[in-house]
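Take a look at the structure set out below.
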Amino acid sequence: VVFVTTIALRRSLFSLDVMQIPQNTGSGFVWDSDGHIVTNFHVVEGGRAFSVTLADQTTLDADVVGVSQDNDLAVLQVKAPKEKLPPIDIGSSGSLVVGQTVMAVGNPFGLDHTLTVGVVSALGRELEAPNGRTIHDVIQTDAAINPGNSGGPLLDSSGRVVGINSAIYSPSGVSAGIGFAVPIDTIKRLVPQIIQYGKPIRPGVGIHVLPDSATQRLGLQGVVIRDVTPDGPADRAGLVGLRRDRSGRILLGDVIVAIDGDPVQDMDDLMHAFETRGVGADVTVTVERDGQRRDVRMKLVALE
């Protein structure tokens with residue numbers, strides 16, 4: 001587990017010299033011996049430079065490899081001998097149960113390598129990401145999580161990471177026994193993509209959709225297809241977007257209402273369904289047009 005410091009650049013009003021000022025602090029953990037460090041996006045947001053302090057108090061400069069604002073995730077990289085970078089053990093969040101013992105490790109209030117113990121209080125919570133997207137399947141815990149714990153690991157009793165501590169619910173700003181962690185199963189899927197491409201690979205079927213606000217104004221539930229990408233999976237499957245009749249009136253095309261039988265009520269539901277299945281997966285898309293529903297099978301592709 002490491003200590004992450006985000007540094008901002010400020011110009012002095014008197015000398016006009018540019019100074020480095022610590023802007024934010026948080027936690028993180030070593031992902032692999034190549035020096036990749038996993039933390040929260042909100043820990044590094046707005047920073048111009050970054051440093052990582054290892055367990056032996058060595059402080060290293062770090063570069064941002066990539067981020068996923070949708071899941072409040074960032075990957076940094078430091079250069080150090082492999083023996084200084086023992087990777088943490090990665091577990092699974094899919095088998096967690098309410099009441100299971102978990103431990104949070106981090107740097108609350110700058111107190112490095114602090115351990116708190118609690119239980120899984122609830123599963124399947126939702127959390128708002130920094131960009132407004134919804135993070136699904138979030139773990140709720142009563143292990144004390146305070147400012148500075150963000151980005152640190154939530155561990156099971158075998159010391160394996162099951163989540164990344166991301167937020168607390170507290171009117172006072174300190175631990176009130178309700179903390180939230182992004183599940184490690186989501187992180188395991190995204191981190192290799194960020195390391196390889198600098199960003200997550202977003203799966204889709206080649207469509208552009210109406211904003212949720214416009215769909216709600218139309219009194220509809222689901223995701224309204226605005227137009228389809230030529231020769232994309234949706235186009236080849238015969239899906240259509242908005243179109244005009246001879247008098248110029250806009251006609252509704254297909255509305256996506258379910259993926260593999262799971263209801264889709266808005267864009268968050270659709271993106272979550274695609275992201276959990278991944279590029280290359282075959283999905284059954286249920287669409288509605290002119291009051292008629294039909295199922296269409298198609299393969300998810302990587303979007304640009």
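Just the residues that are surrounded by 13 or more Cβ atoms within 10 Å (Cβ to Cβ), free of Cβ contacts under 8 Å to residues at least 60 places away in the same chain and part of a loop (DSSP other than H, G, I, E, B), please, taken from segment 94-103.
Matches in segment 94-103: GLN100 only.
Mind listing whichever residues of segment 242-266 are in a loop (DSSP other than H, G, I, E, B), within 29 Å of the chain's Cα centre (by Cα) and either β-branched (Val, Ile, Thr) or within 21 Å of GLY206 (Cβ to Cβ) (or both)?
Residues satisfying the conditions are ASP254, ASP260, VAL264, ASP266.
I'm trying to understand the selection: among the residues of segment 221-240, which are part of a loop (DSSP other than H, G, I, E, B), modelled with pLDDT of 90 or more and surrounded by fewer than 19 Cβ atoms within 10 Å (Cβ to Cβ)?
THR229, PRO230, ASP231, GLY232, ALA237, GLY238, VAL240 - these are the residues of segment 221-240 that are part of a loop (DSSP other than H, G, I, E, B), modelled with pLDDT of 90 or more and surrounded by fewer than 19 Cβ atoms within 10 Å (Cβ to Cβ).
Hey, among the residues in segment 1-58 that are among the small types (Gly, Ala, Ser), in a loop (DSSP other than H, G, I, E, B) and at pLDDT below 90, which one's nearest to LEU85 (Cα to Cα)?
Applying the filter and picking the extreme gives ALA55.
For PRO183, indicate whether it is within 23 Å of the chain's Cα centre (by Cα) and without any contact (Cβ under 8 Å) to a residue 60 or more places away in the chain.
Here the answer is no, as PRO183 does not meet what is asked.
If you check ASP268 against the conditions, is it surrounded by 18 or more Cβ atoms within 10 Å (Cβ to Cβ) and touching a residue at least 12 places away in the same chain (Cβ under 8 Å)?
Spelling it out, ASP268 is indeed surrounded by 18 or more Cβ atoms within 10 Å (Cβ to Cβ) and touching a residue at least 12 places away in the same chain (Cβ under 8 Å).
Residues that are open to solvent by less than 10 Å² (accessible area, probe 1.4 Å) and touching a Leu at 6+ places or on another chain (Cβ under 8 Å): does segment 210-217 have at least one?
no
Just one of ILE168, ILE145, ILE139, ILE164 is surrounded by 15 or more Cβ atoms within 10 Å (Cβ to Cβ), touching a residue at least 60 places away in the same chain (Cβ under 8 Å) and out of contact with any Asp or Glu (no Cβ under 6 Å at 6 or more places or on another chain); which is it?
The conditions single out ILE164.
Just the residues that are of a type outside the set (Gly, Ala, Ser), within 30 Å of GLY46 (Cβ to Cβ), in contact (Cβ under 8 Å) with a residue 24 or more places away in the chain and surrounded by fewer than 19 Cβ atoms within 10 Å (Cβ to Cβ), please, taken from segment 104-130.
The answer is PHE109, LEU111, ASP112, HIS113, ARG125, PRO130.
Mind listing whichever residues of segment 59-93 are open to solvent by 40 Å² or more (accessible area, probe 1.4 Å), in a loop (DSSP other than H, G, I, E, B), under 30 Å from MET271 (Cα atoms) and not small (Gly, Ala, Ser)?
Passing the criteria: only ASP89.
Give the residue, chosen from ILE256, ILE250, that is free of Cβ contacts under 8 Å to residues at least 12 places away in the same chain, over 20 Å from LEU190 (Cα atoms) and β-branched (Val, Ile, Thr).
Answer to the selection: ILE250.
The values are calculated or read from the model by the stated rules, or taken from the named source; none is laboratory data. All values reported here derive from a predicted model rather than from experimental measurement. Backbone-built Cβ (ideal geometry, glycine too); neighbour counts: all protein chains shown. Note: accessible area is taken over every heavy atom of the protein model, side chains too, but ligands, DNA and RNA are not part of it. Shrake-Rupley method; radii C 1.70, N 1.55, O 1.52, S 1.80 Å.
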